[in-house]
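> Before I ask anything, let me first share the structure, which is written out below as C-alpha cells.
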There are 2 protein chains.
Amino acid sequence: MRKNSDQCQFVVALDSIVGKWKPLILYHLLQGKPLRFNELRRLLPDITQRMLTLHLRELEEEEIVKRVVYPQIPPKVEYSITEYGTSLSPILETLHQWGVAHVERKQLKKEKNERTETD
Amino acid sequence: MRKNSDQCQFVVALDSIVGKWKPLILYHLLQGKPLRFNELRRLLPDITQRMLTLHLRELEEEEIVKRVVYPQIPPKVEYSITEYGTSLSPILETLHQWGVAHVERKQLKKEKNERTETD
DNA sequence: CTGAATCCTGCCCGATACTG
DNA sequence: CAGTATCGGGCAGGATTCAG
C-alpha cells in the first residue's frame, strides 16, 4: 500500500458510481424527489428486484442515499439522495456531457466511413 | 432502445473509463509524456501484460490513446494521449477530488466510532 | 521489447421462487 | 409493497506460455 495511494483516488470514486445500474439510480434520485422502491423499479424497466436492492444498499452504506421506512401496512419505503450524495452531481453531469459528445463523434465517423465506402 | 437514450449517456462515458486499470493508465498518460509499453508496466506494478495490451487497445479504439510503432529491433512502441483524450482530463480530475474527500470522510467516521466505543 | 494465444477463475448479475 | 434466498451463467480479468 501507499504506492500510488494519493493518485488512485478516482478508483475510489468510481467504485461508488460503477455498477450496472448505479448511474441510472443516481440519475433519478438526483432529480430531488424521494422515490419508493417500486417507483424506481418502474423507472428502470429492466432491473431486477435483487439488483435494485443490492445497489441501493451499497449506496446507502456510503451515505449517498437515504432510506426511510414508514412502518405501516402495506410497507412504504422511500429512497432519496443525501446532501452528501448531491456532491456527485457535477461528476455525473460531466460524464453525461462527455458521453453525449462521444456518441456524436462516433456517429459522425461512421457516416464518414459509409460515404467513402460508396465512392 | 431509445427509452432513456439521452439520459444514459454517462454510461457511455463510464465505459470508456471503467476497467480495472484504465483510470491508472489514463492518469499516467495524461501527464503528457509518451510512454513505452514497459514504462507503463513499471508504473502499474501489478498489471499483467495481457491486461495492459487489452486496455490500451480499447483506448486506442476510441481514439483516446495514440499508438506509435517505431520499426526497429528491438521493437519500440510509444503510447500517448490524443488531443481528444485530454478532454477526459476534467472528468478524472473531478473523480479524483471526490475520491479523496470520500476517503477522508470515511476515515473521520471510523475514528469517531472508535472513540465512542472506548467510552 | 512488445506483444498474441490459451486456459482458468471469481464474482457480478439475472431468473425464479418465497415472505412479512 | 418491499423485500430475502438460492441457483446458475457469462464475462472481465489473472497466470502462463509462445512468438516476431
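Throughout, read-outs are computed from the coordinates displayed, never taken from laboratory work. Bear in mind that the values here come from a model prediction, so they are computed numbers and not experimental data. Counting neighbours? That spans all protein chains shown, and the Cβs are built from the backbone with ideal geometry, glycine included.
> Which one is nearest to DNA strand D (Cβ to nearest atom), of the residues in segment A:65-94 that are among the β-branched types (Val, Ile, Thr) and exposed (fewer than 10 other Cβ atoms within 10 Å of the Cβ)?
Only one residue fits best here, namely A:Val69.
> Restricting attention to segment B:1-11, does a residue exist that is of a type outside the set (Val, Ile, Thr) and touching a residue at least 24 places away in the same chain (Cβ under 8 Å)?
Step one: of segment B:1-11, the residues of a type outside the set (Val, Ile, Thr) are B:1-10.
Checking which are touching a residue at least 24 places away in the same chain (Cβ under 8 Å) leaves us with none.
Among the residues of segment B:1-11, not one is of a type outside the set (Val, Ile, Thr) and touching a residue at least 24 places away in the same chain (Cβ under 8 Å), which makes the answer no.
> Filter segment A:50-61 down to residues that are within 14 Å of chain B (Cβ to nearest Cβ) and either out of contact with any Lys or Arg (no Cβ under 8 Å at 6 or more places or on another chain) or near DNA strand D (Cβ under 9 Å from one of its atoms) (or both), then give me how many there are.
Total satisfying the criteria: 1.
> Output yes when any residue across segment B:95-103 is free of Cβ contacts under 8 Å to residues at least 60 places away in the same chain, more than 15 Å from DNA strand D (Cβ to nearest atom), more than 14 Å from chain A (Cβ to nearest Cβ) and small (Gly, Ala, Ser), and no when none is.
The answer is no, given that none of the residues of segment B:95-103 is free of Cβ contacts under 8 Å to residues at least 60 places away in the same chain, more than 15 Å from DNA strand D (Cβ to nearest atom), more than 14 Å from chain A (Cβ to nearest Cβ) and small (Gly, Ala, Ser).
> Of the residues A:Leu24, A:Leu29, only one is among the hydrophobic types (A, V, I, L, M, F, W, C), over 17 Å from B:Gly99 (Cα atoms) and more than 12 Å from DNA strand C (Cβ to nearest atom); which? Lay out the reasoning, then the answer.
Working: A:Leu24 fails: more than 12 Å from DNA strand C (Cβ to nearest atom).
Among A:Leu24, A:Leu29, only A:Leu29 is among the hydrophobic types (A, V, I, L, M, F, W, C), over 17 Å from B:Gly99 (Cα atoms) and more than 12 Å from DNA strand C (Cβ to nearest atom).
> Restricted to segment A:66-94, and to residues that are in contact (Cβ under 8 Å) with a residue 40 or more places away in the chain and over 20 Å from B:Thr94 (Cβ atoms), which residue is farthest from the other protein chains (Cβ to nearest Cβ)?
Step one: list which residues in segment A:66-94 are in contact (Cβ under 8 Å) with a residue 40 or more places away in the chain, which gives A:76-81, A:85-86, A:88-89, A:91-92.
From what's left, over 20 Å from B:Thr94 (Cβ atoms): A:76-80.
On the way: A:Lys76: 26, A:Val77: 23, A:Glu78: 22, A:Tyr79: 18, A:Ser80: 19 Å.
That would be A:Lys76.
> Looking at B:Pro45 and the list (1) surrounded by 11 or more Cβ atoms within 10 Å (Cβ to Cβ); (2) within 16 Å of DNA strand D (Cβ to nearest atom); (3) within 10 Å of another protein chain (Cβ to nearest Cβ), which single condition is not satisfied?
Unmet condition: (1).
> Then there's this: Output the residue which, of all residues in segment A:61-81 that are within 15 Å of DNA strand C (Cβ to nearest atom) and under 16 Å from the mean Cα position of the chain (by Cα), is nearest to B:Phe10 (Cα to Cα).
Step by step, filter segment A:61-81, then rank; the result is A:Glu62.
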